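The values are calculated or read from the model by the stated rules, or taken from the named source; none is laboratory data. On a predicted model such as this, the values are computed, not experimentally measured, just so you know. Cβ atoms come from the backbone with ideal geometry, glycine included; neighbour counts cover every protein chain shown. These accessible areas exclude ligands, DNA and RNA; they are computed on the full protein's heavy atoms, side chains included. Shrake-Rupley method; radii C 1.70, N 1.55, O 1.52, S 1.80 Å.
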Amino acid sequence: MSTANRPPEVTEPPRARGRRTRAQILERAADLFAARGGDAVSVAEIAAAAGAHPNQITYYFTSKDGLFVHAAFLLLLRDAARLEPLGRRQRTPESFRIVLARAALALPTVPLAVQAMSIAGRRPELRAVAQHNLAILFRQAERYLTGVLSRRGWVVDRTPEAETRTFWSTVLGARLVSESGFGGRSDDIDLAGVLTIRLP
């Protein structure tokens, strides 16, 4: 059989095949966790959806918890990026603050990220994953805000880094309070008031 007629998994180098398998597992797990939550999805279901074996999940992610933490942050980072066009369409600092606050608190992936942080807090081997992804979230938000301020000529009362860290910490904290069973709702938090974006 010539190499041109071999299936891709035969001609693909092992390292590239491993990266592809890991990415497939992560993508299918993210889809399932987003649809049904972490507890309702089994390792066997994830493996079947990804065309993988259950032991490959433990090989690449150590456990279902490890896979969940990776997948939850992947989903949150994607959702956070989807907020950016909403903010770019706003013409005043006030509308920017209100629209971004409402949209961020309503993101369906925020509770998954809160759960992932809780898991990482109990599992020392997963803390670095949570810290790495939070750092990406903060950097992504800071770059976005810096660009908006530059284009619009708006200002903030603190550094863009502090502004974005405060914003996302409040989003995650508001959902944590709500998820813990407190009588209020996450949208009772004045997240828009946390932001200091204004005209010069």
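Taking the criterion of being without any contact (Cβ under 8 Å) to a residue 60 or more places away in the chain and surrounded by 16 or more Cβ atoms within 10 Å (Cβ to Cβ), the residues of segment 135-147 that qualify are 138, 142, 145, 146. Would you pick out the residues in segment 118-134 that are more than 14 Å from residue 74 (Cβ to Cβ), open to solvent by 30 Å² or more (accessible area, probe 1.4 Å), assigned to a helix (DSSP H, G or I) and not polar (S, T, N, Q)? Matches in segment 118-134: 121, 122, 124, 125, 127, 128. Being surrounded by fewer than 19 Cβ atoms within 10 Å (Cβ to Cβ) and touching a strand residue (DSSP E or B) at 6+ places or on another chain (Cβ under 8 Å), is that true of even one residue in segment 184-199? Among the residues of segment 184-199, at least one is surrounded by fewer than 19 Cβ atoms within 10 Å (Cβ to Cβ) and touching a strand residue (DSSP E or B) at 6+ places or on another chain (Cβ under 8 Å), which makes the answer yes. The set of residues from segment 158-187 being at pLDDT below 85, of a type in the set (Ser, Thr, Tyr) and not in a helix (DSSP H, G or I) comprises just one member, 180.
The lone criterion from (1) of a type in the set (A, V, I, L, M, F, W, C); (2) open to solvent by 70 Å² or more (accessible area, probe 1.4 Å); (3) over 28 Å from residue 38 (Cα atoms) left unmet by residue 106 is number (3). Scanning segment 98-133 for residues that are of a type in the set (A, V, I, L, M, F, W, C) and without any contact (Cβ under 8 Å) to a residue 24 or more places away in the chain yields a total of 3.
All but one of (1) part of a loop (DSSP other than H, G, I, E, B); (2) more than 22 Å from residue 124 (Cα to Cα) hold for residue 39; state the number of the condition that does not hold. The failed condition is (2).
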